[in-house]
Every structure is written in structure tokens, then in C-alpha cells.
Amino acid sequence: MGKPLTIGEAATLTGVSAKMIRYYEEIGMLPEAARTASGYRLYNGFLLQQLGFIRQARDLGFSLEEIQSLLRLWRDPCRESREVKAIAEQHLTDISQKIAELTRMQGALAQLAADCGGNSAPNCAILDAMVPEHLLTTPA
């Protein structure tokens, strides 16, 4: 890449907002950018690649901790791909668990919506289901 880019240009090019770029620098995920004499950040090609990496990893749903691990491995030419694969496979397991939970919630809510009359009567199966049965009869 040619001349270094400002934070705004880097944000536009990578799809990572300037606010997030500053945050990634603050938490040490991204090395601090060089600065001009007037204090403006400048991003070189390697920093832009790292920002693109972070953006892609975020789009895949990796956590900040996972992304830091992946970045560390990406920067390490002696890395073992098994470490990268282990992180990806754990993330896949987490995604599968989330999908199962969302599917369960979808089914439960669909049933509640089907049970609700949705008319002018005050009775509503959805609202009735919000309080667990064991709490409906409170001790005196």
C-alpha cells in the first residue's frame, strides 16, 4: 500500500468505524498507529490488513478474546494451524448451541402466539405464560 491513511480513510476502506479502531488500539488488539506532528493517526498497509482481519472475524461472530487469539496466531509465522482450527471449531460449537436455543425460543413463542386469541378480550396466553406457574400461588 502507498501512503498511510487517516483514521477516516482507514474506516471507510475496512468497514471498521473510527470509534472501533480507537477502541481496538486502546485494548491492545491493534498496535497504536503512527501519528502526524499534529496528532492525527496514520494507518499503513499492515495495520489496514489487521483491521480487515478484525472486521472479517467480527462478521463471523468471533468474540474479542477469540479475535485476539486469532490475530496472535496470524502474526506468528511459526503457528500451528491446529490452534486456529481449535478456535474455529469451538466457535462452531457455540454457534450450534445458540441456534438450538433460538430454535427452542422460536417454537415456544410461536406456540404462545398461536394460543393467544389476539382479540378485544383481556385474556392473553402470552402474558399468562410470563409468570412461572410455581409463582402464581404465593405463600400467605
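Annotations for the structure displayed:
- Any chance residue 72 is under 25 Å from residue 88 (Cα atoms) and in a helix (DSSP H, G or I): yes
- Selection of the range 1-17 for residues being touching a helix residue (DSSP H, G or I) at 6+ places or on another chain (Cβ under 8 Å) and over 24 Å from residue 72 (Cβ atoms) yields 5, 8.
- Restricting 18, 10, 57 to those that are under 30 Å from residue 99 (Cβ atoms), of a type in the set (A, V, I, L, M, F, W, C) and at pLDDT 95 or above reduces the list to 57.
- Yes/no for residue 71 being surrounded by 13 or more Cβ atoms within 10 Å (Cβ to Cβ) and either aliphatic (A, V, I, L, M) or outside the structural domain of residue 12 (by TED's automatic domain parsing) (or both): yes
- For residue 54, the requirement of being part of a helix (DSSP H, G or I), farther than 30 Å from residue 128 by Cβ, outside the structural domain of residue 125 (by TED's automatic domain parsing) and within 17 Å of the chain's Cα centre (by Cα) is met.
- Residues of the range 115-140 satisfying the condition of being surrounded by 10 or more Cβ atoms within 10 Å (Cβ to Cβ) and either at positive phi or in a helix (DSSP H, G or I) (or both): 115, 118, 125, 126, 127, 128
- Residue in the range 86-108 that is of a type in the set (A, V, I, L, M), assigned to a loop (DSSP other than H, G, I, E, B) and more than 23 Å from residue 8 (Cα to Cα) present: no
The values are calculated or read from the model by the stated rules, or taken from the named source; none is laboratory data. Since the model is a prediction, treat every value here as computed from it, not as a measurement. Counting neighbours? That spans all protein chains shown, and the Cβs are built from the backbone with ideal geometry, glycine included.
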